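The values are calculated or read from the model by the stated rules, or taken from the named source; none is laboratory data. Nothing here was measured: the structure is a model prediction, and the numbers come from that model. Cβ: placed from backbone, ideal geometry, glycine included. Neighbour counts: every protein chain shown.
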């Protein structure tokens, strides 16, 4: 955890909600021309063609995230899509065969809560672009327009098997801005990384961070009750909003109107059970439901309510207690939620932990087993693949290894739940984006080019 | 009470001793607060309580020798739970500060760390340039401080609340010279006949002890050139030193090895987190060990997630560090570095700090099933477990 460049405690590099709530002293307004919330930028991800070259991964243990683990199974990829998963698949002529015997294949991992690119490394005031903490409502700002594609953390996340993230603004604000659903990979501009057809998302926050950031300046909100009251008023304003021809579109209110209409997914940073229930009630007044509560360390206390409301929970394996609202975090959180039927996902919130989502799934599974909860590996793999895909609203195209899904997959050197296992190969849309044996596939970012030394 | 007097025999496990080869199907005798016999064919003392832990792995209790357990919890929203961080009121020369004065043995995070197999820590100060004196802590209930003034800690490196890199090195040199003058002129100092010395009298005593090599000096330093500069000061002042952090250590591995200065490194660290750590890499520990440096692992100030230490050891193994050496790096090596030579190993006469695991302790799918500190079995049920039972 870093606060203004001074490490207090916790694993170095962790950029969890507290740190990310702090505005940089050097924060500046975004580009004035940025029309947050308007239009739909053209996705330009360079994927392979639907009927392009074929790849056959032969003889792996395949965790599809959609059923039992398949032993000695094959995965056939044609162009950007998965064509088939099963035993002894026939390969079309010209197929490149990749021997995966003894190795494991999973879907590409998905992190539904990352600050890569917006709080990149090196973590410097010059790079601190995650919180537009100049007012508690900033629905018009977009993480896409802060995202630095040269963040050296991206390459390391891919080396950990991550293919897709939701890059989010920080939690200083009640409404922090729009998230960016991105394919990880090399790019000049973040817009090249966007996942085509991904729904819009809006980052919101409750609890300690907004009231501290603004309360410390003697501005509202200074209390939790003001946080709810102010957001309620903002939603009401958005519901009644009509474009005034003379003023032109007010992009912030328009973006909030999209939230009230249910067209933008609410991704709500929230720790405590009581606050999550209050939020559900308050959003209910407007007929909307958040897509997911993020961090959600107390979600296990309200698992049946979350399941009934069909709200996702984005949680950690072992984060708790770094601030008071995190006091009641438990490592069995994910397992309890899964057993109760909640769409539960793990997340990193950190450029270190994003490299080890698979190990986080293993630790969460072990915590569930230790507590005697009925969970298994096939459920646990969904916490870092299928379920975050749903939370991002992209589950129709990615998150499982099934025919017609995007060919986002990882070939692991062994059991992905082992600490000793490495991602050997990572594919995104049928394109190889990482090869542990060939650094040229994902070479150093421009930042590290020519400065990175080797033994 | 009677039970405490009887020996306990843990039987049928694979013993990873922390400083030697594994023993299959071994027995460990716990005799009071010490380890009795260890081995394959051990005579179980009459009346001993026999605990069959067949199929388990037993290791020494784990040690993090750069920990904030008991001195840092809950962050800015609960400032009374965090000791000595950003508070500039202390000044930057805090040699007189003793963590043993403020360590909280009832910190919420301690039982959770024990669940991760941690039985001892070096509780370190934080903040300023000369940060204060660390304490070696036994994490059992009612355990607490085993040794109160283990090392004096110095933090160097780039700009932070203690000023620039240049200022830190300058101040360190100044105070060490002050301490040298003080050490040679205690009488004149008391009579007020010396020039003005920057540190307080108490701080000067501590630094004089460091110059006498009676107390270790731990340097927190990451950038390779800073490591070399710290080594120069260590050499000039003839300090008994340890380095912590050392994320660019692999670039100065030979110099560190030649200086015979041990290091504490974080096996997770692989990000160019700032300009002091542009060359951080996962095989740093392996490269240092290969060059002959004595390496221990730390999570470097972790508190709430201290139980990750064992995964850190696994990460080091996955990146080229020897497996048994990795266990030593979280048991016997940190104990030895700080002179606690009766800890961190399964050996007759050693302190009975033992963790029993249901699988490879470095694996996230395994967990500790039993834990002994100073021969006493610890109840591994945490507040988190109670919350889980209440709400599941």
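Residues in segment B:82-101 that are crowded, with 21+ Cβ neighbours inside 10 Å, in a loop (DSSP other than H, G, I, E, B) and within 14 Å of another protein chain (Cβ to nearest Cβ): 2 in all. Looking across B:28, B:63, B:124, B:50, one residue alone is modelled with pLDDT of 95 or more, surrounded by fewer than 24 Cβ atoms within 10 Å (Cβ to Cβ) and on the phi < 0 side of the Ramachandran plot. It is B:50. The residues of segment A:354-378 that are within 9 Å of chain B (Cβ to nearest Cβ), surrounded by 24 or more Cβ atoms within 10 Å (Cβ to Cβ) and over 20 Å from residue A:105 (Cβ atoms), listed by number, are A:363, A:364, A:366, A:367.
Look at (1) farther than 26 Å from residue A:148 by Cβ; (2) within 14 Å of chain B (Cβ to nearest Cβ) and you find that residue A:451 fails only one, number (1). Of the helices (runs of 4 or more DSSP H) entirely within segment A:254-353, those holding at least 2 residues that are crowded, with 24+ Cβ neighbours inside 10 Å and touching a helix residue (DSSP H, G or I) at 6+ places or on another chain (Cβ under 9 Å) occupy A:333-339. Taking segment A:162-176, which residues are under 15 Å from the mean Cα position of the chain (by Cα) and either surrounded by fewer than 24 Cβ atoms within 10 Å (Cβ to Cβ) or more than 14 Å from chain B (Cβ to nearest Cβ) (or both)? Across segment A:162-176, the qualifying residues are A:162, A:163, A:164, A:165, A:166, A:167, A:168, A:169, A:170. A count restricted to segment A:50-73 and to residues that are modelled with pLDDT under 95 and closer than 19 Å to residue A:108 by Cβ stands at 3. Among the candidates A:144, A:166, A:182, the residue that is part of a helix (DSSP H, G or I) and touching a helix residue (DSSP H, G or I) at 6+ places or on another chain (Cβ under 8 Å) is uniquely A:144.
In segment B:148-166, the residue that is nearest to the other protein chains (Cβ to nearest Cβ) out of those that are farther than 15 Å from residue B:206 by Cβ and either in contact (Cβ under 8 Å) with a residue 24 or more places away in the chain or buried (at least 23 other Cβ atoms within 10 Å of the Cβ) (or both) is B:161.
Answer yes if at least one residue in segment B:325-341 is touching a helix residue (DSSP H, G or I) at 6+ places or on another chain (Cβ under 6 Å), closer than 26 Å to residue B:214 by Cα and surrounded by 24 or more Cβ atoms within 10 Å (Cβ to Cβ), and no otherwise. Among the residues of segment B:325-341, at least one is touching a helix residue (DSSP H, G or I) at 6+ places or on another chain (Cβ under 6 Å), closer than 26 Å to residue B:214 by Cα and surrounded by 24 or more Cβ atoms within 10 Å (Cβ to Cβ), which makes the answer yes. Looking across segment A:198-212 at every residue that is more than 21 Å from the chain's Cα centre (by Cα) and more than 19 Å from residue A:234 (Cα to Cα), the one that is surrounded by the fewest Cβ atoms within 10 Å (Cβ to Cβ) is identified as A:212. The residue that is farthest from residue B:165 (Cα to Cα), counting only those in segment B:265-276 that are buried (at least 24 other Cβ atoms within 10 Å of the Cβ) and more than 8 Å from chain A (Cβ to nearest Cβ), is B:267. Quick test of your reading of the structure: residue B:312 fulfils all but one of (1) touching a strand residue (DSSP E or B) at 6+ places or on another chain (Cβ under 6 Å); (2) within 18 Å of residue A:422 (Cα to Cα); (3) surrounded by fewer than 24 Cβ atoms within 10 Å (Cβ to Cβ). Name the failing condition by number. All conditions are met except number (3).
Beta carbons closer than 9 Å, at least 6 apart along the sequence or on distinct chains, pair a first residue in segment B:226-243 that is closer than 15 Å to residue B:168 by Cα with a second that is buried (at least 18 other Cβ atoms within 10 Å of the Cβ) and at pLDDT below 95 for B:226/B:157. Looking at segment B:286-370, the helices (runs of 4 or more DSSP H) lying wholly inside it that each contain 2 or more residues that are facing another protein chain (nearest Cβ under 10 Å) and without any contact (Cβ under 8 Å) to a residue 60 or more places away in the chain sit at B:309-318. If you filter segment B:371-392 down to residues that are surrounded by 16 or more Cβ atoms within 10 Å (Cβ to Cβ) and part of a loop (DSSP other than H, G, I, E, B), you find that the one that is farthest from the chain's Cα centre (by Cα) is B:392.
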